[in-house]
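**Q** I am attaching a structure below and will ask some questions about it afterwards.
Every read-out reported here was derived from the displayed coordinates using simple, explicitly stated rules and does not represent laboratory data. What you see is a predicted model; the values in this text were computed from it and never measured. Note: ideal-geometry Cβ built from the backbone for every residue, glycine included; neighbour counts use all protein chains shown.
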Amino acid sequence: MRVITGKARGMKLAAPEGQDTRPTSDKVKEAMFSIIQFEVEQASVLDLYAGTGQLGIEALSRGAAFCVFIDQSRISNDVIKANLAKTGLNKQSRVAAMDAVSYLQNCKEQFDIILMDPPYAMEGLEQVLSLASARLKSTGVLVCETAKKVQTPETLGEFTQKRVYQYGIAALSVYRRPRENE
């Protein structure tokens, strides 16, 4: 697992021991950042179910202004902090050990980009997606990685699922607010 491009290009990132964390493959991560490539510069980013922090770190490496990393595992949070220190991106970030629902219910911040890579077998995904969409700026984008077989909702409040991309066993659901001319 490595940073694909930007300031930290090519740096290898650590991952927690064991099978509890399933890092996003480089192919899916490249696809994700191709989708949002023109929105990353100076963006405020939320990395939910951060695991290793690789999605938020990729965003920071590509020029995002700030990233909040949320994962309920203290072990994952230690790995995220180590990866941020290794890449020199720790001053542009905040890491919190809490579950996504609790964070989203209490969060007051608005984000330009929300990146989600929840456990593939997670229950309650629709609730988390709905809460996350409420934390998006009106011009924001939410990208959620799921197993290909998972059906994600077509709308989240004012945001609409624009497309679902499939890569092997993974799928990326992309949500944006409809434009007036659509």
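**Q** What does the extension gain come out to for residue 42 and residue 155, with contour length at 0.36 nm per residue minus their alpha carbon separation?
**A** Details: separation 113, 0.36 × 113 = 40.68 nm, distance 2.67 nm.
Result for the pair: 38.0 nm of gain on full extension.
**Q** While we're on this one: Can you tell me which lysines have their Cα less than 19 Å from the Cα of residue 137? Leave out same-chain residues fewer than eight positions away.
**A** The qualifying lysines are 108, 162.
**Q** In addition: If you project the alpha carbons of region 92-182 onto their three principal axes, what span does each projection cover, largest first, in Å?
**A** 36, 31, 25
**Q** Can you tell me the order of 62-74, 45-57, 96-108, 141-153 when each peptide is scored by its average per-residue count of other Cβ atoms within 10 angstrom, highest first?
**A** Top to bottom by mean Cβ count within 10 Å: 45-57, 62-74, 141-153, 96-108.
**Q** Could you tally the net charge around residue 169, taking each other residue with its Cβ under 9 Å from the Cβ of residue 169, Lys/Arg +1 and Asp/Glu -1?
**A** Once all neighbours under 9 Å are counted, the net charge is +2.
**Q** Using label points projected 7 Å from each Cα along Cα→Cβ, tell me how many nm separate residue 9 and residue 98, to one decimal.
**A** The two pseudo-label positions are separated by 3.7 nm.
**Q** Would you mind getting me the FRET efficiency between residue 130 and residue 164? Use the beta-carbon distance for r and R0 = 25 Å, nearest 0.05.
**A** 0.90
**Q** Still on this structure, I have one more. Can you run the Rg to Rh ratio on the chain? Use alpha carbon positions and the Kirkwood inverse-distance Rh.
**A** Values: Rg = 14.9 Å, Rh = 16.1 Å.
Computed over Cα atoms, the ratio is 0.93.
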